[in-house]
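Heads up: the structure comes next, in structure tokens.
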Amino acid sequence: MASSFRASKWDPILIIAQITSLQSLCYVLYSIILYIALTLTGTDASLDLIFNDKEIRTDTGFGWSLIIVWVVNACLCIPILMMIVQRAKQILDYVLTFHFFHLICVWKISHHFPTGTSWWVLQVVNIVIMTFGGEWACMHREMKPIMIKSGVKNKNKDVNLASSSSSNTVPEDEEGLLNKKSKRKASDAAPKEVEDDQGALLAAVGKAKKALMSTSGRSKRTTRKYDIIPMKDMDQDINNN
């Protein structure tokens, strides 16, 4: 049986194999049903019951029994069409091909072209039953949900890989956070050092200012003392000398 997802390209070997298998299985199935009917009626088996259009008659009971056998065979061939063809749009092609080869076989074995009206009507009825039944079966099969076990396994593998990757990425995230924190601490420590340096400079400048102020104050005090010295004392010193 061909795959449901086979390519739609032209494949002569596959088409020949499908036509051959369909033709053979339909004849085998018809032979089994015909053997059961002949056993019940007590009639001898013959190829003319399959490949002779004169046997399909509506004026005898045996002719109607052959018609019923062909109709039952057409109904039972629907699962065979579904398994072999598998595509609803190709059912009619294979059904027509089957009946075309059946016409060739009837023509060759009976040595005349089939002209019986009952036989042609039966072929049309069989074509209708097999075509509509096969298309419905294929469409019903195509609409069923497809269960893919390998997809579930792949999903489980993906989940396991995701969980393992997440577990592996947690330490990396922690390391990233630690690096960021260390960088922040370093960046915070740098301004503090700058502030300490600036504070030391400001303290030194303040001390220098205080020293200058103290020296300037002393110098002012000494000048004030010299200004306060009385002139009388200076005159006495000069006279004594």
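Send over a whole-number figure in Å² for the accessible area per residue of segment 17-82, probe 1.4 Å. Walk me through the intermediate numbers first.
Details: 3340 Å² over 66 residues.
Here the per-residue accessible area is 51 Å².
One chain, two ends: residue 20 and residue 32. Fully extended at 0.36 nm per residue, the span grows by 2.5 nm beyond their Cα-Cα distance. Once all protein chains are placed together, residue 41 keeps about 80 Å² accessible to a 1.4 angstrom probe.
Regarding segment 1-118, what whole-number volume in Å³ per residue does the convex hull of its Cα atoms give? Don't skip to the answer; put the middle values down first.
Details: hull volume 13.3 nm³, N = 118.
It comes to 113 Å³ per residue, whole-number rounded.
In the context of the full protein assembly, residue 39 retains an accessible surface of approximately 90 Å², using a probe radius of 1.4 Å and ignoring ligands and nucleic acids. Leaving ligands, DNA and RNA out of it, work out the accessible area of residue 27 with a 1.4 Å probe and give it in Å² to the nearest 10. Counting only protein heavy atoms, residue 27 exposes about 40 Å² to solvent. Modelled spin labels at residue 54 and residue 207, positioned 7 Å past Cα toward Cβ, are 14.2 nm from each other.
The values are calculated or read from the model by the stated rules, or taken from the named source; none is laboratory data. All of these numbers come straight from a predicted model, not from anything done at the bench. Virtual Cβ from ideal backbone geometry, glycine too; neighbours counted across all protein chains shown. Just the protein is used for accessible areas: all its heavy atoms, side chains included, with ligands, DNA and RNA removed. Shrake-Rupley method; radii C 1.70, N 1.55, O 1.52, S 1.80 Å.
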